[in-house]
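Working notes for the structure below.
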Amino acid sequence: MRTGFIGAGNMAQAIIKGMLARNFLRAEDIAAADKDGDKLRRFCAAHDIRPQASNEELAAGVEAIVLAVKPSQFSDMLPPLRAIVRERRPLVISIAAGVTLDTLDMLLDGRGELPLIRVMPNVNAQIGLSMSALCGNRAVTPAHLEWTESLFAALGRTLRLEESLFAAFSAVACASPAFTFMFIEALARGGLKAGLSKQEAVLAAAQAVLGSAGLVLESGQAPCLLADTVCSPGGTTIAGVAALEESGFTAALMRAVEAAVNRDKELG
């Protein structure tokens, strides 16, 4: 399916790189448009995909459109596409936080007849380890959902969710890589303070986080039970866990998720 990306920012680039690396689509079947012409030309040249002069030109030549711009841009970007989209009826996929299916339909004057899908991937798409949620409106067919799910499954794991749960999912899966990067950096600084080099500390922390996540997924056990298996009575790990809780570790993360959920709703 010929696919066009409106927006060639970090997330669009991560998705396109993942698609090409896993041969989900050929480069000749991908087009992109972006208001930053220089950035667009550099990116398209690097991946041998087709740059488009405008969003309208892109919409006229593809079967699926991925909207990969900031939510604040939708109200200006989508109305000029109404006529082309209503005539050609491409599948429209939004990866914008907070922009609901009803809002997309309204901005495109879809009248409930245009196939619209929301997907929330995360930045780890660029290495094939994304976590993405998706949902569609009533005009979306099973084939649309299966194709979109296959696209994002090529970039990691996928989950079909009710749209009402998207804000919570976005906070847990899409904002959390930033939290995790901060956690790895903090661990590395602790290792640096204890005598490791920064390179050694970052490697040790990142690999430990990667392995721990893999163990949660592979074992199927609750994270709290896995944590208990590492905490020997009177040992070093439980001392560290106690220090984290004394500093409000769990509460701080829960507040971070809550703040991200609230911001997602504000954007919508």
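If the requirement is being within 19 Å of the chain's Cα centre (by Cα), loosely packed, with under 14 Cβ neighbours inside 10 Å and not charged (D, E, K, R), which of these qualifies: A21, A53, A12? Among A21, A53, A12, only A21 is within 19 Å of the chain's Cα centre (by Cα), loosely packed, with under 14 Cβ neighbours inside 10 Å and not charged (D, E, K, R). Going by the conditions given, is V123 crowded, with 23+ Cβ neighbours inside 10 Å and among the aliphatic types (A, V, I, L, M)? Judged against the criteria, V123 is not a match. Of the residues in segment 115-128, none is touching a residue at least 60 places away in the same chain (Cβ under 8 Å), in the same structural domain as A154 (by TED's automatic domain parsing), more than 21 Å from S176 (Cα to Cα) and of a type outside the set (D, E, K, R).
The values are calculated or read from the model by the stated rules, or taken from the named source; none is laboratory data. These numbers come from a predicted model, not from an experiment. Cβ: placed from backbone, ideal geometry, glycine included. Neighbour counts: every protein chain shown.
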